[in-house]
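What follows is a single structure, written as structure tokens, with notes after it.
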Amino acid sequence: MGKTLFDKVWDAHVVKSLEGGIDVLYIDRHLIHEVTSPQAFAELENRGLELFRKDQIVATPDHNVPTKDQHLPIQEALSKHQVDTLLANCEKHDVTLYGLGHPFQGIVHVIGPELGITLPGRTMVCGDSHTSTHGAFGAIAFGIGTSQVAQVMATQCLMQSRPKTMRITIDGELNKGVYAKDIILYIISKLTAAGGTGYFVEYAGSAIRSLSMEARMTVCNMSIEMGARGGMIAPDETTFEYIKGREFAPKGDDWDKAVDYWKTLYSDEGASFDKEYNFPAEDIEPMITYGTNPGMGIKITANIPEKLGEGGQDSFQKSLKYMGFDAGESLLGKPIDYVFIGSCTNSRIEDLRIVADYVKGKKKADNVNAMIVPGSKQVEKQAIAEGLDKILAEAGFELREPGCSACLGMNEDKVPAGAYCVSTSNRNFEGRQGPGARTLLASPLVAAVTAIEGKIVNISEHLN
Amino acid sequence: MEKFNKVVSTAVPMPIEDIDTDQIIPARFLKATNRDGFGDNLFRDWRYVKGDEPKKDFVLNDSTYSGEILVAGRNFGCGSSREHAAWSLYDYGFKVVVSSFFADIFKGNALNNGLLPVQVSEEFLQELLATVKANPSTEITVDLPSQTISFDGKSDSFEVNSYKKECLLNGYDDIDYLVSIKNEIEAYEASSTVI
């Protein structure tokens, strides 16, 4: 019987297997940031342990940084202390750090791939659940807690029970105006917010293959929103083309050797999965969420369901009450107060291009506050080189500096209580973008159209 | 990590599904660089209005219910990987969370901090919630060695990985074990063919 892509990568990283189904799994690369690492450094120091492989760690501040005036000292005292603590820890332990102002700084899940740190066949972890993003390259990548951050720092290993495998195949051609974000919101709406728990997902099929690397990252990024530990896509020519020439990508003979190895990373014919789903690409339309978990998504032209398919009606009602919506109603015509374009899900150059392309020569609606936060300094630089900053500014969008920003509202970038925000981020939980904030998740295109129209519309009527 | 063997306690019922870690501890309270005091902000935005005025109808503000066991709806702990969620529950005084389904990362984080996730059937969960609501003084016994949860003569068993069980019973962490096999990790590195 053949092996799955997941099996191949996992098996290549098992240091030893213990009784009770736990594997000691070797971790090739560890990304750290200011929020989930300080207690791990402290843990190591308390135990008198050193970093085991400091050269396999890369650090950057992203969650808790301002997205304005990054050249100035951070104003908020606690945030400043947290970012300073990361700097001090990295200096003390000699860990590579891309701090504020560094040309490589950005959201961990944006900079890993763009620097060529993320490679097919690698295992990668970070104290952040959206580490699943890196699976787009055929890596096993997943989020961990701070105790595990300390374990990887001390030993480059984790003790993991092997997840079950799931394959989600999407064949066919995507409809006009449908992007990677719509694909993943569609999948989660079908599987629910818990449907992937216990599984590692492989995304396959012609519609997935047709996606760019950045789009594949968007799909894998939100695997955690259906509870899956991670998602991955077999590497192909699109992957190799993206990696080639990047800062830390293999070069020369090493490159050829690497590509030969990467070409072996796919699910064999006949490999079996614990669960399989198939969806036709033609069924996917521009999506939006109406509730307070990412599984509560609908086609933008559809009505909110009358009730949830199974159980949980109290939670469904609680969710609608929080959002100020009624069961069964349409979202079309609902006025929107904020549009946020950013986060590790949708802040890459292709996302910014989609927005700029649509808003060029248009003006945002007066009732909308439109914020656009690039995923990294490199994305920001590229956007400026292409003149996207000017197009966005003329349309009334504020292009800010890189960070996680209003995706989780740790810094000043928050949505006020009661306000509606169409957001390209990944979570619509209660208060996620600020206490009382109401989040509707959507693609960059839907966000752009919403900003111009000032309300939710059927975007298909607005495309050429 | 503190040892865990058995907890006998009343419980706090929270019959809400899909409780994500942003509710357990909102992001704006993650700015601390140590592990202390997170219990003060546990369920912050469900617990308080206008900053620090307790919300009367929230269960943690209802003196009818107390105890070391939190009983919550299915898919508890979904969302962000923040271990601060486990720290805040533990710091507040919970030793056990009972649900019919846990999100993976939360479950791992809880086990790494001596907070026991007890997964029971949906039927048992509903029965437990109803019993606690009807009689808040109901005592619930969670016994790790026998992997059972019982109240009022009713009982259910729960799964816990055998290695993790040993860790909890003895107060060991993964890190202790991993450090002890460094030679094997180095041997793996020398033989690995991954690029």
Problem set entry | Calculated FRET efficiency for the pair A:ASN175/A:GLN75, C-beta based, R₀ 56 Å, to 0.05 | 0.80
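Suppose a student asked you for the relative contact order of chain A, using Cα pairs under 8 Å spaced at least 6 residues apart; what percent would you report?
It rounds to 18 percent for chain A.
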Exercise. In whole angstrom, and with the biggest value first, how far do the Cα coordinates of segment A:1-144 range along each principal axis?
Worked result: 59, 35, 22
Problem set entry | Within straight-line cross-link reach of A:LYS363, lysines at Cα separation under 22 Å, skipping those fewer than 8 residues along the same chain | A:LYS334, A:LYS390, A:LYS455
Exercise. So, in nm, how far is label B:GLU186 from label A:ALA88 when the simple model puts each one 7 Å beyond its Cα toward the Cβ?
Worked result: 3.2 nm
Problem set entry | trypsin sites (Lys or Arg not before Pro) within segment A:148-233, DSSP loop, no more than 14 other Cβ atoms inside 10 Å | A:LYS176
For this session: With a cut-off of 12 Å, note down the residues of segment A:291-320 whose backbone N falls inside the zone around a label point 7 Å from the Cα of A:ASN458 toward its beta carbon.
Result: A:300-303
For this session: Report the label-to-label distance for B:THR64 and A:GLU412 in nanometres (one decimal), using points 7 Å from each Cα along the Cα→Cβ vector.
Result: 4.5 nm
For this session: Express in whole angstrom the spacing between the alpha-carbon centres of segment B:22-50 and segment A:424-464.
Result: 27 Å
Exercise. Okay, which of segment A:1-33 sit inside 12 Å, backbone N to the point 7 Å along the Cα-Cβ direction of B:THR193?
Worked result: A:12
Exercise. Which lysines have a Cα less than 21 Å from the Cα of A:LYS251, not counting those fewer than 8 places away in the same chain?
Worked result: A:LYS263
Exercise. Between A:ASN46 and A:ARG162, what length in nm is gained on full extension when 0.36 nm per residue of separation is reduced by their alpha carbon distance?
Worked result: 38.7 nm
Problem set entry | Separation of alpha-carbon centers, segment A:277-319 and segment A:323-384, rounded to whole Å | 21 Å
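Of the chymotrypsin sites (Phe, Trp or Tyr not before Pro) in segment B:138-175, which ones lie in a loop per DSSP and count no more than 16 other C-beta atoms within 10 Å?
The qualifying sites are B:TYR172.
Rank these for me by crowding, B:SER157, B:SER9, A:SER267, A:SER147, going from fewest to most other beta carbons within 10 Å.
Ranked by crowding around the Cβ, least crowded first: B:SER157, B:SER9, A:SER267, A:SER147.
Calculate the dipole size of segment A:29-77 relative to its Cα centre from +1 charges on Lys and Arg beta carbons and -1 charges on Asp and Glu beta carbons; express the result in debye to the nearest 20.
About 180 debye.
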Problem set entry | Qualifying trypsin sites (Lys or Arg not before Pro) for segment B:1-81 [loop in DSSP, other Cβ within 10 Å: at most 12] | B:LYS3, B:LYS50, B:LYS56
Problem set entry | DSSP loop GluC sites (Glu not before Pro) with at most 16 other Cβ within 10 Å excluded, longest remaining stretch of chain A | A:77-172
Exercise. What share of the DSSP beta bridges in chain A is antiparallel, in percent to the nearest 5?
Worked result: 25 percent
For this session: Take a quick pass over segment B:53-195 and tell me how many lysine pairs come in under 30 angstrom between Cα atoms, counting only ones 8 or more apart or on separate chains.
Result: 21
Problem set entry | Zone of A:ASP274's modelled label, taken as backbone nitrogen in segment B:86-127 under 11 Å from a point 7 Å along Cα→Cβ | none
Exercise. Over its Cα atoms, what ratio of radius of gyration to 2.2 N^0.38 Å does chain B give?
Worked result: 1.11
For this session: Could you calculate the contour length gain from B:LYS133 to B:LYS154, that is, 0.36 nm times the residue separation minus the distance between their Cα atoms, to one decimal place in nm?
Result: 5.9 nm
For this session: Pull out the extension gain between B:ASN34 and B:LYS3, defined as 0.36 nm times the separation in residues minus the alpha carbon to alpha carbon distance; nm, one decimal.
Result: 9.0 nm
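Could you list, in their original order, any pairs among A:LYS16/A:LYS54; A:LYS8/A:LYS176; A:LYS54/A:LYS80 whose Cα atoms are separated by more than 27 Å?
A:LYS8/A:LYS176
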For this session: Determine the calculated [θ] at 222 nm for chain B from helices alone, applying -39500 (n - 2.57) to every DSSP H run no shorter than 4 residues and normalising by the residue count; nearest 500 deg cm²/dmol.
Result: -9000 deg cm²/dmol
Exercise. For A:ILE336, what charge total do you get from the other residues with a beta carbon under 10 Å from its beta carbon, if Lys and Arg give +1 and Asp and Glu give -1?
Worked result: +1
Exercise. Could you work out the helix-only [θ] at 222 nm for chain A, with each DSSP H run of four or more residues adding -39,500 (n - 2.57) and the total divided by the number of residues, to the nearest 500 deg cm²/dmol?
Worked result: -9000 deg cm²/dmol
Problem set entry | Three semi-axes of the equivalent ellipsoid, the protein assembly as shown, Cα gyration tensor, whole Å, largest first | 35, 31, 25
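A short reminder: the numbers here are calculations on the coordinates, not readings from a lab. Note that the structure is predicted; figures quoted are calculated from it, not measured. Positions of Cβ are backbone-derived with ideal geometry, glycine not excepted, and every protein chain shown enters the neighbour counts.
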